[in-house]
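A.B. asks: Once you've had a glance at the structure underneath, I'll fire off some questions.
What follows is calculated from the coordinates using simple rules that are stated; it is not laboratory data. This is a predicted model, so every value here is computed, not measured. Cβ atoms come from the backbone with ideal geometry, glycine included; neighbour counts cover every protein chain shown.
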Amino acid sequence: MISSFFSKAKPIHFVVTSSVLLFVYIFVKFFLGNEPIEALNILKQIALFVVCLFSIFVFDFLSGKNDLTKKNSYKILFFTLFLIMLPQTFLNSKILVSNLFVLLALRRIISLRSKKEIKKKLFDAAFWLSVATLLYFWASLFFILIFVALVLYAIADIKNGIIPFLGIIAVALLATGVLIVTNTDIETYISSFNYDISFDFSKLNKQSIIISSTIMFSYFVWALVYYFKGINTKSRTKKPAYYLVFIATLIALVIIIISPQKTGAEFIFLFAPLAIIMTNYLEMISEKWFKELLIWILIITPIISLVL
């Protein structure tokens, strides 16, 4: 039974999920995406796949280190299945890498609960989010999490509110330096950012995206009630982290709604917080048959999506 297999955290789970992810990644890139089979391009695709694997590793670390889930591998299973359900995420390298930096930032933001190295964590979080913004402008909305965390963790020192801006300035200076060295016009580069907002969802009107997103949102709405019930049982020091995950989910949903170019790739920002919410829900279910049903639906959905 799959639910029993992933009920404990074991290295074999990374091997299984990574193998499945690699198979789908190759299929999407070279068969659906028609990527040219050339040495340079293959190296690029290997690098992007490593980004996918590292994203799973960072996600597993941030959720496990901050006790957002119990010691199981449901979270990496869900995260991997969500990636496979919407393989459009593989086709947009900038969003794929941007999401990795968002996860690195989220790891530092949630770890503020320890009240140790606060200034360093705030700087790191702002730094990573700034880099993510350079790749995908609307990732900048996750800066909201930094200031919400300061409130939830009752970090009252005004000086700490200035630190994130130093992280932003640091990235801005580094980016400017790179542009000067590469002889790139700064104004042209800034104008290349897509600040637009669009509510045109016509490009998402594909059977595969509709099926996957409908199941994903259905799971989210269903599990959310139990997620908040679970928060009430957590200790006072742990509750803020769970609220931050929920707010990260809302920010991801806003990005999906306002994204100027809706291809399905923008859903990737939703995968990590949703995987945590779903894992918490699965941990509360006592009926094994229902756990199996929920997981198998997510396994079958990508197969249907890839065929359509």
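A.B. asks: Taking a quarter of the surface of the Cα convex hull of the chain, what do you get in nm²? Don't skip to the end; give the middle numbers.
C.D. replies: Working: hull surface 67.6 nm².
One quarter of the hull surface, i.e. the mean projection, equals 16.9 nm².
A.B. asks: Also, quick follow-up: How much length is gained if the chain between residue 50 and residue 22 is pulled fully straight, taking 0.36 nm per residue apart and subtracting their Cα-Cα distance, in nm to one decimal?
C.D. replies: Taking residue 50 through residue 22 to full extension adds about 9.1 nm, to one decimal.
A.B. asks: Tell me whether region 175-220 comes out rounded, prolate or oblate; compute the Cα gyration tensor, take square roots of the eigenvalues as a ≥ b ≥ c, and use a/c under 1.5 as the rounded threshold.
C.D. replies: prolate
A.B. asks: How long, wide and thick is region 153-308, going by the Cα atoms along their three principal axes, in whole angstroms, largest first?
C.D. replies: 60, 48, 26
A.B. asks: Using the Karplus curve 6.51 cos²θ - 1.76 cosθ + 1.60 with θ = phi - 60°, what ³J(HN,Hα) values do you get for each residue of region 188-203, in whole Hz, with x for Gly and Pro?
C.D. replies: So the Karplus estimates, Gly and Pro as x, are 5, 5, 5, 5, 6, 5, 9, 8, 5, 10, 9, 10, 8, 9, 4, 5 Hz.
A.B. asks: Moving on to the next point. Just to be sure I understand: with springs between alpha-carbon atoms less than 10 Å apart, which residue in 274, 135, 204 has the highest mean-square fluctuation in the Gaussian network model of the chain?
C.D. replies: Per the Cα network of the chain with a 10 Å cutoff, 204 tops the list.
A.B. asks: Here's a follow-up. So, with +1 on the Cβ of K and R and -1 on the Cβ of D and E, and no other charges, what is the size of the charge dipole of region 2-307 about its Cα centre, to the nearest 20 debye?
C.D. replies: 1320 debye
A.B. asks: Further question: Near residue 239, which lysines are there with a Cα under 20 Å away, not counting those fewer than 8 places off in the same chain?
C.D. replies: 65, 70, 71, 75, 115, 116, 121, 229
A.B. asks: Report, by chain and number, residues whose modeled amide H sits under 5 Å from the one on residue 35, excluding near sequence neighbours (fewer than 5 apart, same chain).
C.D. replies: Those qualifying (amide H under 5 Å, at least 5 residues apart or on another chain) are 30.
A.B. asks: A further question on this structure: List residues of region 103-135, by number, whose backbone nitrogen lies under 12 Å from a label position 7 Å along Cα→C-beta of residue 159.
C.D. replies: 118-120
A.B. asks: Any idea how far apart residue 202 and residue 179 come out in nm if each label point goes 7 Å out from Cα toward Cβ?
C.D. replies: 3.3 nm
A.B. asks: Among 41, 194, 172, flag the residue with its Cα farthest along the positive direction of the charge dipole of the chain, charges on Cβ as +1 for Lys/Arg and -1 for Asp/Glu.
C.D. replies: Towards the positive end, the residue furthest out is 172.
A.B. asks: Could you work out the relative contact order of the chain? I mean the mean sequence separation of Cα pairs under 8 Å and 6+ apart, divided by the number of residues, in percent.
C.D. replies: Relative contact order for the chain comes out at 25 percent.
A.B. asks: Rounded to the nearest 500, what is the chain's calculated 222 nm mean residue ellipticity when only DSSP H runs of at least 4 contribute -39500 (n - 2.57) each, over all residues?
C.D. replies: -23500 deg cm²/dmol
A.B. asks: Let me ask something else about it. Mind jotting down the distance between the C-alpha centroids of region 77-111 and region 185-263, whole Å?
C.D. replies: What the calculation gives is 12 Å, centre to centre.
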